[in-house]
Amino acid sequence: MVALLVAGTGMVLIPRDSGTPPAVSFSETARLTALEDTLLLRESATTLAESAAPAAARPALGNAVTLLTTHAQALLDPNGAPSRAISSATPSGTSTTAATAPSSRGSFLTGLAISGWKRLADARTADGGMARLLAAVGSAQLLQAEKLAAEWQLPLPDQTTVPETKAPAATPLAASCPTEIPTPEPTSATTDTALAAVVRSQQEAIYVYQVALKRLDETKSAAAAKHLQVHEALLQQAESLTSANCSDVPASEAGYRVPEQLTQDPATFLGAVEVASLPRFGDLVALSTDDTRTWAVDGLVAAARRSMAWGAPLPPLPGLMLDAGELPSLPTPTASPGSTASSAPASTGASTPASHGG
């Protein structure tokens, strides 16, 4: 009967909205959670820096505020929609979620380290671009926690250690790869091109470390020798992943032009080489999946740690080629009913430097 009435009158029956919101993707959930955690940590660092914390700790806390501000800005909704982490906050800036901002240096360090560990874990599963952002945020937060723990002589929780993952062994090409493999466009961004870039970066790093070993003092030479072994292992793993991905391993160069800085200040140049490898690992995080993604995430953290070991200034988002000054400002928390709080953009609390963590 309903069908006859509809056909006879030309009416269109629109089903009632069930009220069920669309499912939120894992990547979006990971972004929102990361933003919430980062805002809470930023609030804690700001409070600690302004409180009766030891004077010696205040510059480090100020740097942490700047770093976390940059991370929060980068984690804002790219479409400009209000974020749950911002809109669910009270006018005072305290989140209304179950989590609360850490109130001591020790709890702040624990929260910062756990946040970094969580971001790195989520980066293994999130979509490409979000995976790279989460890996960058997680790396910076974890290493900042390690740096502050050493400076303040405070412990970190065990779960801050990112598990080391070995690359899978290359499978026989005849058994797993097609007879003809299409050659990607030179300008295309694929897993193949990202792996090739990582291989080349490791080839160059090995050469530079071999040259630098002869120019460093005994202590730094010992550290460089250990890093050289790491790069040799990384190269073998990257080549294995490349072959398993049915791609050709880039041939090594006969030699590289040695810049004057390597002769005058080899330690600083080694730090620059490590920093230069970060975008290569970041690209591989974004363009790969599964074991290759996991290897790239771990490689990003390790390269960032080596950069800091050589005293190189670490970017606020390792692995991302990003001008932090172009990030959007953080909006003020949405006012609760009856409040007259403004929705104008909030001050970031500190200027954003080009690099951080050095």
Inset, instruction - Could you list, in sequence order, all residues of the range 237-255 that are surrounded by 14 or more Cβ atoms within 10 Å (Cβ to Cβ), part of a loop (DSSP other than H, G, I, E, B) and of a type outside the set (G, A, S)? - result: N245, C246, V249, P250
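Scan the range 44-71 residue by residue and report those that are among the small types (G, A, S) and either touching a helix residue (DSSP H, G or I) at 6+ places or on another chain (Cβ under 7 Å) or part of a helix (DSSP H, G or I) (or both). Full working, then the answer.
Just the residues of the range 44-71 that are among the small types (G, A, S), to begin with: 44-45, 49, 51-53, 55-57, 60, 62, 64.
S44, A45, A49, A53, A55, A56, A57, A60, G62, A64, listed by residue number.
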Inset, instruction - State which residue pairs qualify: first residue without any contact (Cβ under 8 Å) to a residue 40 or more places away in the chain and inside the range 98-117, second residue surrounded by 23 or more Cβ atoms within 10 Å (Cβ to Cβ) in any location, beta carbons under 7 Å apart, and separation of 6 or more residues or different chains. - result: none
Inset, instruction - Considering (1) part of a loop (DSSP other than H, G, I, E, B); (2) modelled with pLDDT of 95 or more, say which one A140 fails and leave the rest. - result: (1)
Inset, instruction - Starting from the range 286-308, keep only residues that are over 14 Å from N245 (Cβ atoms), then list their pairs with residues that are outside any helix (DSSP H, G or I) and among the polar types (S, T, N, Q) whose Cβ atoms are within a distance under 8 Å, requiring at least 6 positions of separation or different chains. - result: T294/T165; D298/T165
Inset, instruction - Identify the residue in the range 66-99 that is polar (S, T, N, Q) and modelled with pLDDT of 70 or more and, among all such residues, is farthest from the chain's Cα centre (by Cα). - result: N79
Inset, instruction - Run down K220, K214 and say which single residue is at pLDDT 65 or above, of a type in the set (K, R), part of a helix (DSSP H, G or I) and farther than 30 Å from T110 by Cβ. - result: K220
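Can we say R305 is touching a Lys or Arg at 6+ places or on another chain (Cβ under 8 Å), under 19 Å from R119 (Cβ atoms) and not acidic (D, E)? Walk me through it before giving the result.
Numbers: touching a Lys or Arg at 6+ places or on another chain (Cβ under 8 Å): no; under 19 Å from R119 (Cβ atoms): yes; not acidic (D, E): yes.
No, not satisfied.
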Legend entry - Residue pairs meeting the criteria (Cβ under 7 Å; at least 6 apart or on separate chains; first touching a residue at least 24 places away in the same chain (Cβ under 8 Å), in the range 39-66; second crowded, with 23+ Cβ neighbours inside 10 Å and among the polar types (S, T, N, Q)): L41/S115; R42/T69; A64/Q144
Inset, instruction - Name every residue in the range 200-213 that is crowded, with 22+ Cβ neighbours inside 10 Å and within 15 Å of A251 (Cβ to Cβ), in order of residue number. - result: S201, Q202
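Report whether or not P315 is under 12 Å from the mean Cα position of the chain (by Cα) and farther than 21 Å from E146 by Cα. Quick ask: steps written out before the conclusion?
Numbers: under 12 Å from the mean Cα position of the chain (by Cα): yes; farther than 21 Å from E146 by Cα: no.
No.
From the list A194, A205, which one is closer than 28 Å to M308 by Cβ, part of a helix (DSSP H, G or I) and in contact with a Lys or Arg (Cβ under 8 Å, 6 or more places away or on another chain)? First the steps, then the outcome.
Details: A205 fails: in contact with a Lys or Arg (Cβ under 8 Å, 6 or more places away or on another chain).
Matching residue, one of A194, A205: A194.
The values are calculated or read from the model by the stated rules, or taken from the named source; none is laboratory data. Remember, predicted model here, so these are calculated numbers, not experimental data. With ideal geometry, Cβ positions are generated from the backbone for all residues, glycine too; neighbour counts draw on all protein chains shown.
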